[in-house]
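Input: a single structure, listed below in structure tokens.
The values are calculated or read from the model by the stated rules, or taken from the named source; none is laboratory data. Source: prediction; values computed, not measured. Here the Cβ positions follow ideal geometry from the backbone for every residue, glycine too, while neighbour counts run over all protein chains shown. Calculation scope for accessible area: heavy atoms of the full protein, side chains included, ligands and nucleic acids excluded. Shrake-Rupley method; radii C 1.70, N 1.55, O 1.52, S 1.80 Å.
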Amino acid sequence: MPDTMTEPTISAQPLRRRARDRLKGRQPEAAALAEVRALIGTPGPDGHRRDLLIEYLHQLNDHYHGLFERHLVALAAEMRLSMAEVYEVASFYHHFEVRKDDARAPPLTVRVCTSLSCQLAGADALLARARELLGAQVQVLAAPCIGRCEQAPAALVGQRGLGQATAEVLVEASNQALTQEGSAPAAIAKIAFDDYVQAGGYALAQAVARGERDAESILATLEHAGLRGLGGAGFPAGRKWRIVRDQPVPRYLAVNIDEGEPGTFKDRWYLERDPHRFLEGVLIAAQVVGVSRVYIYLRDEYPECRVILAQAIADLQAAPGLRELLPETQLRRGAGAYICGEESAMLESIEGKRGEPRLRPPYIAQVGLFGRPTLEHNFETLYWVRDILARGADWFAAQGRHGRQGLRSFSVSGRVRQPGVKRAPAGITLRELIDEYCGGMAEGHELYAFLPGGASGGIFPARLADVPLDFDTLQPHGGFIGSAGVIVLSQHDRARDAALNMMRFFAAESCGQCTPCRVGTVKASRLMEAPVWDAATLADLGQVMVDASICGLGQAAPNPMLCVQLYFAHEVES
């Protein structure tokens, strides 16, 4: 049979690549481009900054009540990014919802907190009733902890936080929000800039700038005081300053105010009252460590705090004699991702990416934000700097009890008479904390169990209520204090229900980067729904999560479950 196939013809002329004048894929519509540009402004000489992607997504989300595909396409073109890069970020964060172009955007979103403290206060019934009353008008969502545990049940109505919420209050607040579309939340700090300065505020920061307090004496004071990181990890603050100070310039400071740990609300409480004490700590840290740029990462669930902090920074930047001390400072807005409380995930988010933790080493003190050495601190750690340096290390160290040093801010919620932030000695026991600072247990309730460190810190029985609450004291019992988010349970509650609530939280908040955490939390939560727990399988799952997860979320997620098996086996064995 003759071969009828022929060789393909190859042109003698070399192939010419056409210069790409536009990105591949769907092209932006002129109208969508105009709408995006109207919100994010015109680019600078080098184009739009890649690290502002999340800020731009917030502007679109706020204005159009969602992220429509046409706007994402236009934003990708405007920033010279692929659609995949924009979409992977937009789809990662809970407070962003990507919508088809023909979808209907709800005029308002109401988020009802269903975390443990709010669940104890009737959040499930509130959520159902809110959906019944508001469902036809607005979008009503269940939300993880929104940092108002002492005001449970709590909710977010658009850009307004509400405590002691009822269905009627949510309806009234929703109606107000619908008639005041686009208005910023009203908020003002209890201690304003002028009051803070008149009371001696910023004098210490100015003395440091004049060289009246040298860096070495400041570092020694922090070390002698025993100040540790108060976001959960507890790394000694003075040592951290020394490590970053020894790195090459430029160095950055990243402040973590993404306190998403269920049961924790201390940073919000302090920020609402005295933001300038925190900012003075920022100024001192920046001068001692040699920081040239400051990034403050604030969780999106704190809209009123965003107003307060923006005003406080503006006041400082406008004050002669003080504005020269403040490095370039940027306030960044989270987007509803608990994982961004992990330090490296927060840096990824500040850079405009998905908030996924980095593998270590290198550590962020050496290779951090934008590849530069970075001092990362929790809000409360910096809040204490001024008082410790002004009153002396001995003052702070002498505050502890039961052989411990310093003061702690306990966020107390649950079955106590007077929940709230309690500034108490480090090492105080839970029983002392309830009796001396919380007015005792709530009427009709007796202490049954407690969570000393939010979702991550485990669940302990009442018989451990006399163990000192501090770093390193709870580990022998299978938990830790973390950020000191204390949730108190009574005889009307079950530890297994609390553990299930927490495991569901971890399953929803896992970033999905590593399989043990992504799959393990979901599998564990399903197994924990059974009347009788499969102890062997749960123990195996827990061990794998602890050993193989790359960050603290997966490593700590099994703690409540394991504590139930250890201390409350009667609840899950029959």
Looking at this structure, is residue 157 farther than 30 Å from residue 494 by Cα, touching a residue at least 60 places away in the same chain (Cβ under 8 Å) and within 22 Å of the chain's Cα centre (by Cα)? no
Just to check your reading of the model, which residue among 203, 177 is touching a strand residue (DSSP E or B) at 6+ places or on another chain (Cβ under 6 Å) and open to solvent by less than 70 Å² (accessible area, probe 1.4 Å)? 177
Boolean, residue 157 is open to solvent by 20 Å² or more (accessible area, probe 1.4 Å), modelled with pLDDT of 95 or more, of a type outside the set (Ser, Thr, Tyr) and under 30 Å from residue 113 (Cβ atoms): no
So which pairs qualify, if the first residue must be in the range 496-509 and without any contact (Cβ under 8 Å) to a residue 24 or more places away in the chain, the second must be surrounded by 21 or more Cβ atoms within 10 Å (Cβ to Cβ) and of a type outside the set (Asp, Glu), the Cβ gap must be under 8 Å, and the two must be at least 6 apart or on different chains? 504/525; 507/521; 507/524; 507/525
Consider residue 482 against the criteria (1) of a type outside the set (Lys, Arg); (2) under 21 Å from residue 556 (Cα atoms); (3) at pLDDT below 95; (4) open to solvent by 10 Å² or more (accessible area, probe 1.4 Å): it satisfies all of them except one. Which criterion is unmet? (4)
Select, from 212, 216, 223, the only residue that is closer than 23 Å to residue 481 by Cα and more than 21 Å from the chain's Cα centre (by Cα). 223
If I filter the range 366-377 for residues that are open to solvent by 50 Å² or more (accessible area, probe 1.4 Å), out of contact with any Ser or Thr (no Cβ under 6 Å at 6 or more places or on another chain) and polar (S, T, N, Q), do I get at least one hit? yes
Hey, among 455, 508, which residue is at negative phi and in contact with a Pro (Cβ under 6 Å, 6 or more places away or on another chain)? 455
Going residue by residue through the range 381-392, is there one that turns out to be touching a strand residue (DSSP E or B) at 6+ places or on another chain (Cβ under 6 Å), touching a residue at least 24 places away in the same chain (Cβ under 8 Å) and open to solvent by 10 Å² or more (accessible area, probe 1.4 Å)? no
Meets criteria (hydrophobic (A, V, I, L, M, F, W, C), buried (at least 18 other Cβ atoms within 10 Å of the Cβ) and in contact with a helix residue (DSSP H, G or I) (Cβ under 8 Å, 6 or more places away or on another chain)) for residue 98: no
Output the residues belonging to the range 20-48 that are of a type in the set (Lys, Arg) and more than 25 Å from residue 159 (Cβ to Cβ). 20, 22, 24, 26
Helices (runs of 4 or more DSSP H) fully within the range 48-139 counting 1 or more residues that are of a type in the set (Phe, Trp, Tyr) and in contact (Cβ under 8 Å) with a residue 12 or more places away in the chain: 53-64, 83-90
Checked pairs for the range 206-223, first modelled with pLDDT of 95 or more, second open to solvent by less than 50 Å² (accessible area, probe 1.4 Å) and of a type in the set (Phe, Trp, Tyr), C-beta under 8 Å and 6 or more apart or across chains, list as 219/241; 222/241
Which residue, of 326, 253, is in contact (Cβ under 8 Å) with a residue 40 or more places away in the chain and open to solvent by 10 Å² or more (accessible area, probe 1.4 Å)? 326
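Rundown of residues vs (1) open to solvent by 10 Å² or more (accessible area, probe 1.4 Å); (2) within 28 Å of residue 339 (Cα to Cα); (3) of a type in the set (Lys, Arg), yes/no style:
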residue: 396; (1), (2), (3): no, no, no
residue: 403; (1), (2), (3): yes, no, no
residue: 412; (1), (2), (3): no, yes, no
residue: 426; (1), (2), (3): no, yes, no
residue: 438; (1), (2), (3): no, no, no
residue: 447; (1), (2), (3): yes, no, no
residue: 452; (1), (2), (3): no, yes, no
residue: 457; (1), (2), (3): no, yes, no
Are any residues in the range 63-111 among the aromatic types (Phe, Trp, Tyr) and farther than 23 Å from residue 147 by Cα, and if so, which ones? 64, 68, 87
Among the listed residues 364, 388, 428, which satisfies the condition of being under 19 Å from residue 550 (Cβ atoms) and of a type in the set (Val, Ile, Thr)? 364
Scanning the range 453-483 residue by residue, those touching a helix residue (DSSP H, G or I) at 6+ places or on another chain (Cβ under 7 Å) and under 19 Å from residue 152 (Cα atoms) turn out to be 455
Restricting to the range 227-258, what's the tally of residues that are in contact with a Lys or Arg (Cβ under 9 Å, 6 or more places away or on another chain), part of a strand (DSSP E or B) and closer than 14 Å to residue 384 by Cα? 1
Only listed residue being part of a loop (DSSP other than H, G, I, E, B), at negative phi, surrounded by 24 or more Cβ atoms within 10 Å (Cβ to Cβ) and at pLDDT 95 or above, chosen from 263, 355: 355
I need the full set of residues from the range 540-574 which are open to solvent by 30 Å² or more (accessible area, probe 1.4 Å) and closer than 22 Å to residue 513 by Cα, in order please. 540, 541, 543, 544, 546, 547, 548, 550, 552, 555
Which of the residues spanning the range 215-226 are assigned to a helix (DSSP H, G or I), within 21 Å of residue 398 (Cβ to Cβ) and not hydroxyl-bearing (Ser, Thr, Tyr)? 218, 219, 220, 222, 223, 224, 225
Looking at the range 321-348, which of the residues that are aliphatic (A, V, I, L, M) and part of a loop (DSSP other than H, G, I, E, B) is farthest from the chain's Cα centre (by Cα)? 322
Per-region count, the range 160-174, residues of a type in the set (S, T, N, Q) and open to solvent by 20 Å² or more (accessible area, probe 1.4 Å): 2
Just checking, how many residues over the range 237-250 are within 22 Å of the chain's Cα centre (by Cα) and either open to solvent by less than 10 Å² (accessible area, probe 1.4 Å) or more than 14 Å from residue 285 (Cβ to Cβ) (or both)? 1
